[in-house]
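Since the structure comes first, as structure tokens, the remarks are kept for the end.
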Amino acid sequence: MIKVKTFVFNAFQVNTYIVYAENKDCIIIDPACSNANEVSKLLNFLETEKLNAILVANTHAHVDHILGNADITSKLAIKLAAHPSSRYFYLNALSFAIELGLNLDKVVMPDLDLQDKDTIKLGDSLLTILYTPGHADGSICFYSAEGNFVISGDLIFYASIGRTDFPTGNFETLSKSIKEKIYTLPDNTIIYPGHGPSTSVGFEKFNNPFVTI
């Protein structure tokens, strides 16, 4: 059975997820580590659980979600994957970090592209990529039918949605992404968002005050 471990990192309280299979292969989604202590927490978990990290991936490239990319990919000698439309945010991450008062010394560009309907294999399990723009160009979700969960980044939160007033944000696009890619999943699918507590597809369909069916 595929499992999910959550860490909360940096001043923006970003949820970093480690998704791992029975064979101990794992991917790290949005390593938002902002200092050496947070990096150590993540790496210590991998060591304790004897996990084999095969990839770092970003739900989107807003700077609060990518702070640990360089450290984690370097220390584990693994590649970074993201949607190609997120390139603008990587190229401008250093200036965004300064504006937000975040410590970012180095930005690494993605090595691999993740497109809509691509899959990532973890042991005998698959994660399916859902392209979900609206909060930011290049936003993607990671869906596990077997594990009954979706990692949504900043697309949708518990009773809320991602902001659309940042560059490339658009409410109509975000609403379309939620309705077509999230609300079409089974109602009992767990949503693991980029910030805050988990929720479910069924709850959000009928209770989210911003995007309902």
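Just so it is clear, none of the values below were taken in a lab; they were calculated from the coordinates. Everything numeric in this text was worked out from a predicted model, so none of it was measured. Backbone-built Cβ (ideal geometry, glycine too); neighbour counts: all protein chains shown.
A few comments on the model shown:
- In range of the label at residue 40: residues from region 67-101 whose backbone nitrogen is under 12 Å from the point 7 Å along Cα→Cβ: none
- Summed residue charge, Cβ within 14 Å of residue 103's Cβ, Lys/Arg positive, Asp/Glu negative: -4
- Over the chain, relative contact order from alpha-carbon pairs under 8 Å, at least 6 apart, %: 16 percent
- Whole-number percent relative contact order across region 31-111, with pairs defined as alpha carbons under 8 Å at least 6 apart: 33 percent
- In nm, spacing of pseudo-spin labels at residue 8 and residue 50 (7 Å Cα→C-beta vector): 3.2 nm
- Separation of the residue 77 and residue 203 label points, Cα + 7 Å toward Cβ, nm: 4.2 nm
- Among residues other than residue 6 with Cβ under 12 Å from its Cβ, the summed charge is +2 (Lys and Arg +1, Asp and Glu -1).
- Rounded to the nearest 5, the antiparallel percentage of DSSP beta bridges internal to region 3-207 is 70%.
- The local environment of residue 115, defined by Cβ-Cβ distances under 14 Å, has a net charge of -1 under the rule Lys, Arg +1 and Asp, Glu -1.
- Once the Cα gyration tensor of region 31-136 is diagonalised, semi-axes √(5λ) in Å: 22, 20, 10
- Separation between Cα centres of region 28-73 and region 161-202, rounded to whole Å: 23 Å
- The eigenvalues of the Cα gyration tensor, multiplied by 5 and square-rooted, give region 79-213 an equivalent ellipsoid with semi-axes of 25, 19, 13 Å from largest to smallest.
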